[in-house]
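**Student:** Attaching a single structure in structure tokens format; questions to follow.
The values are calculated or read from the model by the stated rules, or taken from the named source; none is laboratory data. Quantities reported herein were computed from a predicted structural model and do not represent experimental measurements. As a convention, Cβ positions derive from the backbone with ideal geometry for all residues, glycine included, and neighbour counts pool all protein chains shown. Note: accessible area is taken over every heavy atom of the protein model, side chains too, but ligands, DNA and RNA are not part of it. Shrake-Rupley method; radii C 1.70, N 1.55, O 1.52, S 1.80 Å.
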Amino acid sequence: MPGKASRQPPGPQPVSRTAAAADQRRRILEATADLVAEQGYQGTTIEQVVRRAKVGYATFYKNFEDKHQCYLELLDAAYGVTFHRVQRAYGREQEWPDQVAAGLGALFENIVAHPNIGRACLVEALTAGPEAVARHEALLKKFTPLLKPGRELNPRRAELPDTLEDTLTGGVLWVINQRLIADEAAALKGLLPETIEFVLRPYVGEQKAAREAELAASN
């Protein structure tokens, strides 16, 4: 209506019910990530989550059946965002070694920016029961198609073990977890060049892998 805006009281506009519900859900997931990172999955309770998120028990149970479902949805959300960012960075490059370097860079950058989520998911998933472990392992498997094209660059590709991609992914995860456990996520930035070299070497050889690592170090 003409003139309606001028009659509105000053201050923030009302938040829609949908937006408020989404904000409450976000706060619950963020609180879960922070608490699990601080004290582990087993040591985190719903009471602590609702207090940290500043919501009521009714709001928590409206969104999640229990702590376990809340944690699983945190895993799904965090892993989904992380893999999307890795895949997007990977896809921006043309040459496969550059794609791998960009993907690893995006992975490390995301963890450095959100170390609490990294620790809550990558480290604590293994303590949260079989379903959490299964989802964690499913994420790791998603990286295999990003690495397998490198086999075509190795003239002795037939000699590469079938488990190579799983081994390399596990190695990268070990590097990340060690830094998260030590509360040194920021150190991952300095470890990126050698991690890139570690992943590329079986496919392109020592010299080419080292050159890609040097490029990463200079950026």
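**Student:** Please work out which residue is surrounded by the fewest Cβ atoms within 10 Å (Cβ to Cβ), limiting yourself to the range 187-219 and to residues that are within 21 Å of the chain's Cα centre (by Cα) and of a type in the set (A, V, I, L, M).
**Tutor:** 187
**Student:** For the range 19-51, give me each residue that is polar (S, T, N, Q), part of a helix (DSSP H, G or I) and without any contact (Cβ under 8 Å) to a residue 60 or more places away in the chain. First the steps, then the outcome.
**Tutor:** Taking the range 19-51 first, the residues polar (S, T, N, Q) are 24, 32, 39, 42, 44-45, 48.
Narrowing the set further to residues that are part of a helix (DSSP H, G or I) leaves 24, 32, 39, 48.
24, 39, 48 - these are the residues of the range 19-51 that are polar (S, T, N, Q), part of a helix (DSSP H, G or I) and without any contact (Cβ under 8 Å) to a residue 60 or more places away in the chain.
**Student:** Against the condition open to solvent by 60 Å² or more (accessible area, probe 1.4 Å) and in a helix (DSSP H, G or I), how does residue 99 come out, does it pass?
**Tutor:** No, not satisfied.
**Student:** Have a look at 176, 181 and point out the one that is touching a residue at least 60 places away in the same chain (Cβ under 8 Å), open to solvent by 80 Å² or more (accessible area, probe 1.4 Å) and β-branched (Val, Ile, Thr).
**Tutor:** Values: 176 fails: open to solvent by 80 Å² or more (accessible area, probe 1.4 Å).
Answer to the selection: 181.
**Student:** Here's a follow-up. Identify all residues within the range 179-205 that are on the phi > 0 side of the Ramachandran plot and small (Gly, Ala, Ser); write none if there are none.
**Tutor:** From the range 179-205, those on the phi > 0 side of the Ramachandran plot are 183, 205; that's our starting set.
Across the range 179-205, the qualifying residue is only 205.
**Student:** Considering every residue within the range 57-76, establish whether at least one is open to solvent by less than 20 Å² (accessible area, probe 1.4 Å) and of a type in the set (Gly, Ala, Ser). Full working, then the answer.
**Tutor:** So the first thing to find is which residues in the range 57-76 are open to solvent by less than 20 Å² (accessible area, probe 1.4 Å), and the list is 60, 64, 70-72, 74-75.
Applying the additional criterion that residues be of a type in the set (Gly, Ala, Ser) yields none.
Among the residues of the range 57-76, not one is open to solvent by less than 20 Å² (accessible area, probe 1.4 Å) and of a type in the set (Gly, Ala, Ser), which makes the answer no.
**Student:** What tally of residues in the range 21-43 results from selecting those that are open to solvent by less than 40 Å² (accessible area, probe 1.4 Å) and either at pLDDT below 50 or over 21 Å from the mean Cα position of the chain (by Cα) (or both)?
**Tutor:** The first filter runs over the range 21-43 and keeps only residues open to solvent by less than 40 Å² (accessible area, probe 1.4 Å), leaving 28-29, 31-33, 35-37, 40-41, 43.
Still in the list and also either at pLDDT below 50 or over 21 Å from the mean Cα position of the chain (by Cα) (or both): 43.
The qualifying residues number 1.
**Student:** Related question: Among the helices (runs of 4 or more DSSP H) confined wholly to the range 103-182, which include 1 or more residues that are closer than 26 Å to residue 67 by Cβ and aliphatic (A, V, I, L, M)? Before the answer, list the steps.
**Tutor:** Numbers: elements: 115-118, 130-141, 144-147, 164-181.
Per the criteria, 115-118, 130-141, 164-181.
**Student:** Restricting to the range 156-165, name every residue that is open to solvent by 60 Å² or more (accessible area, probe 1.4 Å) and either farther than 26 Å from residue 207 by Cβ or of a type outside the set (Gly, Ala, Ser) (or both). Spell out the reasoning first.
**Tutor:** Initially, the range 156-165 is screened for residues open to solvent by 60 Å² or more (accessible area, probe 1.4 Å), giving 156-159, 161-163.
If the condition is that a residue be open to solvent by 60 Å² or more (accessible area, probe 1.4 Å) and either farther than 26 Å from residue 207 by Cβ or of a type outside the set (Gly, Ala, Ser) (or both), then 156, 157, 159, 161, 162, 163 are the ones that fit.
**Student:** Do we find that residue 93 is surrounded by fewer than 21 Cβ atoms within 10 Å (Cβ to Cβ), of a type in the set (D, E, K, R) and touching a Gly at 6+ places or on another chain (Cβ under 9 Å) in this structure? Lay out the reasoning, then the answer.
**Tutor:** Details: surrounded by fewer than 21 Cβ atoms within 10 Å (Cβ to Cβ): yes; of a type in the set (D, E, K, R): yes; touching a Gly at 6+ places or on another chain (Cβ under 9 Å): yes.
Yes, satisfied.
**Student:** Within the range 76-95, identify whether any single residue is without any contact (Cβ under 8 Å) to a residue 60 or more places away in the chain, touching a helix residue (DSSP H, G or I) at 6+ places or on another chain (Cβ under 7 Å) and hydroxyl-bearing (Ser, Thr, Tyr), and answer yes or no.
**Tutor:** Yes - at least one qualifying residue is present in the range 76-95.
Per-residue answers, yes or no, for (1) among the basic types (Lys, Arg); (2) out of contact with any strand residue (DSSP E or B) (no Cβ under 7 Å at 6 or more places or on another chain); (3) open to solvent by 30 Å² or more (accessible area, probe 1.4 Å); (4) more than 27 Å from residue 33 (Cβ to Cβ):
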residue: 82; (1), (2), (3), (4): no, yes, no, no
residue: 117; (1), (2), (3), (4): no, yes, yes, no
residue: 131; (1), (2), (3), (4): no, yes, yes, no
residue: 145; (1), (2), (3), (4): no, yes, yes, yes
residue: 148; (1), (2), (3), (4): yes, yes, yes, yes
residue: 151; (1), (2), (3), (4): yes, yes, yes, yes
residue: 154; (1), (2), (3), (4): no, yes, no, yes
residue: 167; (1), (2), (3), (4): no, yes, yes, yes
